[in-house]
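Quick note: the coordinates plus some simple rules give every number you see, no bench work behind them. What you see is a predicted model; the values in this text were computed from it and never measured. Every residue, glycine among them, receives a Cβ derived from its backbone with ideal geometry; neighbour counts consider all protein chains shown.
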Amino acid sequence: MPKAVCVILGGGQGQRLYPLTRERAKPAVPLAGKYRLIDVAVSNCLNSGFNNIFVLTQFNSVSLNRHIATSYHFDPFSQGFVQVLAAQQTSESMDWYQGTADAVRQNLSHLQLDETECVLVLSGDQLYRMNFQRMINAHLGYDADITVAATPIAAADAPRYGILATDEAGWITDFVEKPQDPAEIDRLRVPPDALLCAGVTAGGHRTHVASMAIYVFRPDVLREALRTAEYSDFGRDVIPAAIGQRRVLAHFHPGYWEDIGTIGSFFEANLALTDTVPQFNFFDEAAPIYTNRRHLPSSKINQCQMTQCVVADGCIIDNSVLGRCVVGLRTLIGAGCKISNCVLMGSDYYESQRSILEHRQQGIPAMGIGPNSVIDRAIIDKNARVGENVVLTNKAGVCEADGEFYSIRDGIIVVPRRAVVPAGTRL
């Protein structure tokens, strides 16, 4: 088995995921009721047999660092680790990370490059399952300098990703980061037959090939590529500069992959998990997604009607109707609620009876969803307090807005972490 060092990029400010990233890094955003986004990347590494993992963090990294520290512990004889490398000022550099490539550049001395055959660089804010060992074996088998994981997408999505073109052998011949010109997008169109040769069935609408922002480098090639200080980003600078100068291979991923970059994509990726047979399967025992063990009680469902719901541990739901919802840890839902198409992230702790009474005297509702509330197409972040008889449905169809206790992004209502929605509110 090849020896590889895995480098997970902790992401930037996550402005497109605001307000979910107001107090946390993108990879720390809760997912599927009980996980964090970072768990997907770490689990893919572990399930592929690689346990030397560095996580590079910078913005709002406290909750991410805490989650990693409490979740991933290895046998002392395994030599495995998941280590956080936080941005810092040093004698070599007084700047914070300027991009994905610059983040790796500033940590080259910590990555043990002399002891490895390959460096795997990947993002911490994507939802997919992938065997990195196959990608690295292809990288070594083809004697590639750089290998880029790629997947087919629709032309309409091309402006969001790095788009590449390959020859018949799979070598990348062209790469454009987030092309906006329709003529250029059309130029990068890939015939379905070319994808079939790579073992990928694209379908009629998926006419382009996107970089998944997952790269394998030879250690010496990575060092050389990062010597140019102006190269701050892998997709914008390093990979395009390598085309024609290095042996850059495309490794096609035929399965499900979703870049969690916006509120809309995050919302839809979560709700897709409620499908009868979801595209991403958390029930795969051969490749589990690991996370923190919280030792919570089983959820208690009292006289409820629930359709296509994912319910995490420690919840209490009373006499309510829920449809197509992801219900996070320790979520409390009062009687008479009607909740549909929602991501409820739950709470970090159970509120004591004394605290509930004190808050009630101040007119502040308890954590969770108050009785007789109606909520549709919303994300309720952790530790939020939604009072009784609240209606959150965005009946006016507003696409973007900000209020005292809410934001609307992509037409989806987002109640931020620790926000208080007064009883009787209608939105």
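Annotations for the structure displayed:
- Between Thr100, Thr262, Thr57, the GNM of the chain built on Cα springs shorter than 10 angstrom shows Thr262 fluctuating the most.
- Mean Cβ count within 10 Å, highest first, over the residues of peptides 165-172, 70-77: 165-172, 70-77
- Remark on region 41-169: hydrodynamic radius 17.1 angstrom, per the Kirkwood mean of 1/r across alpha carbon pairs.
- The GNM of the chain, with springs linking C-alpha atoms under 10 angstrom apart, assigns the highest mean-square fluctuation among Val216, Val42, Val374 to Val374.
- Put a dot 7 Å past the Cα of Trp171, heading toward its Cβ, do the same for Val62, and the two dots end up 5.2 nm apart.
- Compactness of region 300-421, taken as the C-alpha radius of gyration over 2.2 N^0.38 Å, stands at 0.99.
- Spread over its residues, the convex hull of the C-alpha atoms of the chain is 165 Å³ per residue.
- In summary, the lysines within cross-link reach of Lys26, defined as a Cα separation below 22 angstrom excluding same-chain residues under 8 places away, comprise Lys34, Lys178, Lys382.
- Here is how the number arises for the chain: DSSP H runs of 4 or more residues each give -39500 (n - 2.57), the sum is divided by the residue count, and the result at 222 nm is -5000 deg cm²/dmol.
- Each peptide in 176-188, 104-116, 151-163 was scored by the mean count of other Cβ atoms within 10 Å over its residues; highest first, the order is 151-163, 104-116, 176-188.
- Inter-centroid distance (Cα atoms) of region 393-427 relative to region 222-271, Å: 34 Å
- Each part gets one Cα centre, and for region 110-147 versus region 1-69 those centres are 17 Å apart.
- Positive minus negative residues near Pro278 (Lys, Arg vs Asp, Glu; Cβ under 14 Å): -2
- Region 4-272: antiparallel DSSP beta bridges as a percent of all, rounded to 5: 50 percent
- Mean-square fluctuations from a GNM of the chain, with a 10 angstrom spring cutoff on Cα atoms, peak among Ile364, Ile38, Ile413 at Ile364.
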